[in-house]
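Taking it in order: structure first as structure tokens, then the write-up.
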Amino acid sequence: MSLNMEIHRDDLASKTGMWLFLFTEMLLFGGLFVVYSVYRYRNAEAFHLAAHELNIFFGTANTIILLISSTTIAMSITAIQKKNKNFALVLLGITILLGLAFLANKYVEWGHHIKEQIYPGSAVLALRGQGDVLFYGLYFFMTGLHALHIIIGLVFIGFIVVFIIREKITFDNHVLLENSGLYWHLVDLIWIFLFPLFYLIT
Amino acid sequence: MDIPLSLVLFDNLIPAEIMENEKNHIIPYRTFLLVLAGLVLLTLTSVAVTKIYLGTFTVFIALFIAALKSSFVLRVFMHLKFENRMFTIMVIAVTLLIGVVIIITLLDYLFR
């Protein structure tokens, strides 16, 4: 074994890079939350009424789906560390399925709104006043951007599954799996705030 | 010149034993399941609280529960509890930054 053969790896740096990226994501959504707070402050009544049309059941179901998927991806790290490759793959498979279920729910919800002529730029929505236009504009933009993150997360986890099958991620080299987990948890974190701010306004 | 960047940045912040343990730290499945149970319970509480009319307090309670849930996710799922303290400090800093921007913006609208 020559010394040159040694592959340089720095897990802490890798994780630090992931966190720095997550901070930019937090600031992206943070900016949208600033816009949300100002618009809600100025249109309290309209936001209150418009929020009643969102389905709390779907919102709650999607919250729980994301929480479970976060748990399964976190558990997959434990499984890999315990050299239980197959269980890790099963857990990641469940994570992907739950992510798809989340998107399916979102599709039904959005479909329902669009069928009722409620979408950004709709003439019916414009007639209901400025507050409603702002509420639904933010609703579609923020949940849409979040759904886009879910899709990216699913692709990311898909790659991780392939890497585990090909033994590129193993019990002593799993920082990539951890980073995909961090991304998925961040998407969950954002939803934790989106859910009460859009669905639970009374 | 083969010193890992993270060592240069964080060396003095990490006690030797954490450095040792960091790689081998395995969180039991049970911990995750317990945290999940807590998170689901908090979600349902948040929904139930919405049914009670509390005026302006409603939004603060909703945000408080959301913050509580986030801290669980950050500390356990995202491993901050077991990781280098530097990560926790950075997360707090970014959160404060967003909070301060929201508060300053609202102050402007409230007192203009």
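The values are calculated or read from the model by the stated rules, or taken from the named source; none is laboratory data. Treat the numbers as computed from the prediction; the structure is a model and nothing was measured. Cβ: placed from backbone, ideal geometry, glycine included. Neighbour counts: every protein chain shown.
Per-residue answers, yes or no, for (1) buried (at least 18 other Cβ atoms within 10 Å of the Cβ); (2) within 20 Å of residue A:60 (Cα to Cα); (3) modelled with pLDDT of 90 or more; (4) more than 8 Å from chain A (Cβ to nearest Cβ):
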residue	(1), (2), (3), (4)
B:10	yes, no, no, no
B:13	no, no, no, yes
B:21	no, no, no, yes
B:36	yes, yes, yes, no
B:40	no, yes, yes, no
B:55	no, no, no, yes
B:67	no, yes, yes, yes
B:78	yes, no, yes, no
>> Can you go through A:195, A:156, A:163 and tell me which one is touching a residue at least 60 places away in the same chain (Cβ under 8 Å) and at negative phi?
In response: A:195
>> Only one of A:119, A:136 is surrounded by 15 or more Cβ atoms within 10 Å (Cβ to Cβ), more than 30 Å from residue B:34 (Cβ to Cβ) and in contact with a Pro (Cβ under 9 Å, 6 or more places away or on another chain). Can you tell me which?
In response: A:136
> Does residue B:105 fit the bill of being more than 7 Å from chain A (Cβ to nearest Cβ) and in a helix (DSSP H, G or I)?
Replying inline: no
> So how many residues does segment A:138-190 have that are β-branched (Val, Ile, Thr) and over 21 Å from residue B:77 (Cβ atoms)?
Replying inline: 4
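Among the residues in segment A:66-83, are any without any contact (Cβ under 8 Å) to a residue 60 or more places away in the chain and more than 10 Å from chain B (Cβ to nearest Cβ)?
No, because not a single residue in segment A:66-83 is without any contact (Cβ under 8 Å) to a residue 60 or more places away in the chain and more than 10 Å from chain B (Cβ to nearest Cβ).
Being surrounded by 15 or more Cβ atoms within 10 Å (Cβ to Cβ), among the aliphatic types (A, V, I, L, M) and either outside any loop (DSSP other than H, G, I, E, B) or facing chain A (nearest Cβ under 10 Å) (or both): is that true of residue B:61 here?
yes
Return the only residue of A:78, A:71, A:24 being surrounded by fewer than 17 Cβ atoms within 10 Å (Cβ to Cβ) and polar (S, T, N, Q).
Being surrounded by fewer than 17 Cβ atoms within 10 Å (Cβ to Cβ) and polar (S, T, N, Q) holds for just one of A:78, A:71, A:24, which is A:24.
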>> One residue is enough: does segment A:183-195 have a residue meeting the conditions crowded, with 20+ Cβ neighbours inside 10 Å and either modelled with pLDDT under 95 or over 29 Å from residue A:12 (Cβ atoms) (or both)?
In response: yes
>> Checking residue A:130 against (1) buried (at least 18 other Cβ atoms within 10 Å of the Cβ); (2) touching a residue at least 40 places away in the same chain (Cβ under 8 Å): exactly one of these is not met. Which one?
In response: (1)
> Within segment B:73-96, is even one residue in a helix (DSSP H, G or I) and in contact with a Pro (Cβ under 9 Å, 6 or more places away or on another chain)?
Replying inline: no
